[in-house]
Amino acid sequence: MKKVFKFKSELFNKESTWTHDENLEKLNGKVWAPKKLAEANKLLRKLKTPLPK
Amino acid sequence: MKYEMYSEYSFTNDLGVVDFISIGKNGAIPKRITFTTTELENVYNLAFGDVDENGTLNDYRISDNGDRNKILATVFNVVDIYTKKFPERWIFFSGSTKERTRLYRIAVGINLDELSQIFDIYAFVQEELKLFAKNMEINAFVIKRKVY
């Protein structure tokens, strides 16, 4: 039986329905948007100021 | 915020992958939002795009489905839910092109007052991190849920 959750967004004050998908779990470990991730890491590496606490 | 959004999602347990369907003038288009670890602890890269036939994420395709604002609102809704579950995580995001980064900058700028109530919003300006302000020229955003 699929797990289904309802969440209310604080931003939109609307409810959304979230259904767990076993097939998506099989994608676990996959690197998504590798080019964009590489660009993100590049920027983060150059960061001169630390992320605020 | 008073925007339409998609409200039916499929997800993985860690919320690393969230799928929804865009419905518009070109039909039903599967969309995917992903959160991936970066080299910096507690910083996650947000990627978003169409799901290709082979199941990969295509963040360059322009689907032109006539629902751009609804999709942007949906992405923010997912970030809202994600950061409720993981309030300690920073979310890094930028567009896959300069035009898309500009679009995100405008969208965040228009809604900055409401977004700032929930998130601390910083922007990469060149290689420096600055508190985001409207019309700032930026490379990317990094945001975190405010903890009260």
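Select from segment A:4-49 the residues that are assigned to a helix (DSSP H, G or I), out of contact with any strand residue (DSSP E or B) (no Cβ under 6 Å at 6 or more places or on another chain) and among the aliphatic types (A, V, I, L, M) and list them in ascending order. Walk me through how you get there before you give the answer.
Going through segment A:4-49, the residues assigned to a helix (DSSP H, G or I) turn out to be A:22-25, A:34-46.
Narrowing further to those that are out of contact with any strand residue (DSSP E or B) (no Cβ under 6 Å at 6 or more places or on another chain): A:22-23, A:25, A:34-35, A:38-39, A:41-42, A:44-46.
Result: A:38, A:44.
If the requirement is being more than 9 Å from every other protein chain (Cβ to nearest Cβ) and in contact with a helix residue (DSSP H, G or I) (Cβ under 7 Å, 6 or more places away or on another chain), which of these qualifies: B:63, B:22? Steps first, answer last, please.
On the way: B:63 fails: in contact with a helix residue (DSSP H, G or I) (Cβ under 7 Å, 6 or more places away or on another chain).
Only one candidate qualifies: B:22.
Among the residues of segment B:25-59 satisfying the criterion of being more than 23 Å from residue B:142 (Cβ to Cβ) and in a strand (DSSP E or B), which is farthest from the other protein chains (Cβ to nearest Cβ)?
Going residue by residue through segment B:25-59, those that are more than 23 Å from residue B:142 (Cβ to Cβ) are B:25-30, B:50-56, B:58.
Those left that are additionally in a strand (DSSP E or B): B:27-30, B:50-51, B:58.
Values: B:27: 21, B:28: 16, B:29: 17, B:30: 11, B:50: 12, B:51: 10, B:58: 9 Å.
Checked segment B:25-59; the qualifying residue farthest from the other protein chains (Cβ to nearest Cβ) is B:27.
Residues of segment B:8-33 being of a type in the set (A, V, I, L, M, F, W, C) and touching a residue at least 40 places away in the same chain (Cβ under 8 Å), which ones? Write out each step before concluding.
We begin by selecting, within segment B:8-33, every residue of a type in the set (A, V, I, L, M, F, W, C); these are B:11, B:15, B:17-18, B:20-21, B:23, B:28-29, B:33.
If the condition is that a residue be of a type in the set (A, V, I, L, M, F, W, C) and touching a residue at least 40 places away in the same chain (Cβ under 8 Å), then B:15, B:18, B:20, B:23, B:33 are the ones that fit.
Here is a check on your reading of the model: is residue B:56 in contact (Cβ under 8 Å) with a residue 24 or more places away in the chain, surrounded by fewer than 19 Cβ atoms within 10 Å (Cβ to Cβ) and under 21 Å from residue A:34 (Cα atoms)? Please lay out each step first, then the result.
Numbers: in contact (Cβ under 8 Å) with a residue 24 or more places away in the chain: no; surrounded by fewer than 19 Cβ atoms within 10 Å (Cβ to Cβ): yes; under 21 Å from residue A:34 (Cα atoms): yes.
Considered against the rule, which asks whether it is in contact (Cβ under 8 Å) with a residue 24 or more places away in the chain, surrounded by fewer than 19 Cβ atoms within 10 Å (Cβ to Cβ) and under 21 Å from residue A:34 (Cα atoms), residue B:56 comes out as no.
Quick note: the coordinates plus some simple rules give every number you see, no bench work behind them. In this text the structure is predicted, and so the values were computed from the model without any measurement. Every residue, glycine among them, receives a Cβ derived from its backbone with ideal geometry; neighbour counts consider all protein chains shown.
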